[in-house]
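Structure record follows, encoded as structure tokens.
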Amino acid sequence: MTERERLIEEAAGAWRPRGAAGVRAHPAWADLDAAGRREAFEVARTQRRLEAALDAEGLSSTARAVLARIHGAQ
Amino acid sequence: MPEPVTAAADEVLLALIGAGDATAFAAWLAGAEDRLRGSLRSFAERVDVEAVMQEALVRVWQVAPRVTADGRPEPLLRLAIRIARNLAVSDLRSRRFEPVDAEALERLAADAEVFAPGPDRWRDPLLLRAIEECRRRLPEKPALALRVRLANEGADPDARLAERLGMRLNTFLQNVVRARRLLADCLRKRGIDLALELS
């Protein structure tokens, strides 16, 4: 796996750093060029569709991350 | 699997979510996420869409009690798109992109496909069976990497997940890629193109 492929795959994941102002960009996303960012977007879209299809409630890791944050705040 | 959100269910769903029903919000998320992501494609080069989406969706939940149905379809999706685009433009401006760039990108974000009905293949037993069969065929390590990433719900960076599995980061990510490709190939052999079937 090349450095570029690693950055795309990390940026396509659902983990994001969080600060006082909210969710921040993934450090790997910041290191990608424009073409790499477009690719990360498309990989993330496919990945989320797969995740939702594999989940009993039809939820992707993005949806799960949002719900975890909501439940954590309640 | 959730039932797809129909126009008739909009008001009921909105009322439930506004009253703080997280299960109803989850059902709405299942039908709205992909369309929200698609609406942000034009920002993908300059804004981390995943970060914008997560922040926007949390804000939708926070303001939902104040949202009222206006007779038009998909009030929450329209709100989510507006919040997400505002966040994206705000991020662009904070990084000193020219306002005209931000406005041009916002115009590029087309609405046309976004308000098409949500995924309605969830109820198709053939599709669900094919996905389950393909998942069962995954080799052990790709299946494990995929499962761990999913179960983590975006709580930890990939490096930490890899460490827990005793894998190097590259190995972990290679397994995630392999799982995705094997699943897509397996489904394609059954005549299922994920980009079409689940969009």
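Can you spot a residue in segment B:142-160 that is over 19 Å from the mean Cα position of the chain (by Cα), among the small types (Gly, Ala, Ser) and in a loop (DSSP other than H, G, I, E, B)? No.
Filtered by the rule that a residue be of a type in the set (D, E, K, R), surrounded by 13 or more Cβ atoms within 10 Å (Cβ to Cβ) and modelled with pLDDT under 70, segment B:87-123 gives B:ASP101, B:GLU106, B:ARG121. If only residues of segment B:161-170 that are surrounded by 15 or more Cβ atoms within 10 Å (Cβ to Cβ) and part of a helix (DSSP H, G or I) are counted, the one that is nearest to the other protein chains (Cβ to nearest Cβ) is B:ASN170. Annotation: of all residues in segment B:17-28 being assigned to a helix (DSSP H, G or I) and not hydrophobic (A, V, I, L, M, F, W, C), the one that is farthest from the chain's Cα centre (by Cα) is B:GLY18.
Specify the residue that is farthest from B:ARG135 (Cα to Cα); the eligible residues are those in segment A:13-29 that are at the interface with chain B (Cβ under 8 Å from one of its Cβ atoms) and of a type in the set (Gly, Ala, Ser). Of everything passing the filter in segment A:13-29, A:GLY22 is farthest from B:ARG135 (Cα to Cα).
The number of residues in segment B:173-194 being of a type in the set (Gly, Ala, Ser) and either outside the structural domain of B:ARG136 (by TED's automatic domain parsing) or at pLDDT 90 or above (or both) comes to 1. You will find that of B:GLY38, B:GLY31, the residue that is in a helix (DSSP H, G or I), of a type outside the set (A, V, I, L, M) and crowded, with 22+ Cβ neighbours inside 10 Å is B:GLY31 and no other.
Taking segment B:56-86 as the range and being without any contact (Cβ under 8 Å) to a residue 40 or more places away in the chain and buried (at least 22 other Cβ atoms within 10 Å of the Cβ) as the test, the residues that pass are B:ALA56, B:LEU57, B:VAL60.
The values are calculated or read from the model by the stated rules, or taken from the named source; none is laboratory data. Please read all numbers here as calculations on a predicted model, not as lab measurements. Please note: Cβ atoms are built from the backbone with ideal geometry, for glycine as well, and neighbour counts cover all protein chains shown.
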